[in-house]
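The values are calculated or read from the model by the stated rules, or taken from the named source; none is laboratory data. The structure displayed is predicted, hence computed values, not measured ones. FYI the Cβ positions are ideal-geometry reconstructions off the backbone, even for glycines, and counts take in every protein chain you see. For accessibility, only protein heavy atoms count, side chains too; no ligands or nucleic acids. Shrake-Rupley method; radii C 1.70, N 1.55, O 1.52, S 1.80 Å.
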Amino acid sequence: MYAQLRETASELAGVLWREHTVYRERGGGVVIRGEHVERWISLAPTGGKDRALLRAGRLLDGGTTAPARTEVVVDLTAPVSELAAVCRRMLAEVAAAAEPPAAGPSRAGRPGKPRKDKGSGPSRAGRPERARRSRHTGAGSWVVLVLVGIAVAAWAYTVFGGPGY
C-alpha cells in the first residue's frame, strides 16, 4: 500500500506544486509539503483497497505542521487530475480558514482586553514575508541556570570538603 501511496503522492505533488517535498510519515502514510505556499497534504491508508484518507493543512512559522483543516477519503485508482482537483479544493478551504474574517468590526474598535505587543522587533507588516523570529534565552531561563549552577557548586563544596581539602 505504501508504494501505491508514494507513487500517487509523487505524481500529485508534481501536478500541484513545482517546489515540494514528499516523505513518509510515522503512520505509514505519505506527506507532500509545499513550503513556498505554507501548506501540506497527506495520503494515509484507510484499510480499504485502493482508498486513502486525504488530509490538508498549513505549515506554521517554525516549519511544523498545524492539524489538518479538512479531510476526505479518495479512490487511488482515479486519474491524478481528479485527485489534484480535490486537493486544490481542500487547499482553498485551508487558505480560507487561515485568513481572518473580512466582515465585522476590527479588534481595535472593540472594548475589552487590550492587545499585547508580541516582541520588541518590527511589526509583522514591516518584516519580510518568510522572516522568523530568533529565539533568545529569556531572563527566567537565566535565573534557573544560575540557581542550578549555585546548587552544583554547593554540592561540590560539601562533597570535596571546601578549601581545606
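Quick notes
- In region 41-58 there is at least one residue matching the filter, namely being open to solvent by less than 20 Å² (accessible area, probe 1.4 Å) and out of contact with any Leu (no Cβ under 8 Å at 6 or more places or on another chain).
- First in region 42-66 and touching a residue at least 60 places away in the same chain (Cβ under 8 Å), second anywhere and of a type in the set (Lys, Arg) and open to solvent by 10 Å² or more (accessible area, probe 1.4 Å), Cβ under 8 Å, 6 or more apart: 61/132; 61/133; 62/132
- Region 59-76, residues that are open to solvent by 60 Å² or more (accessible area, probe 1.4 Å), within 19 Å of residue 13 (Cβ to Cβ) and in contact with a Leu (Cβ under 7 Å, 6 or more places away or on another chain): 65, 71
- Residue within region 51-72 that is closer than 15 Å to residue 5 by Cβ and polar (S, T, N, Q) present: no
- Output for region 48-72, where each listed residue is among the hydrophobic types (A, V, I, L, M, F, W, C) and in contact with a Lys or Arg (Cβ under 6 Å, 6 or more places away or on another chain): 66, 68
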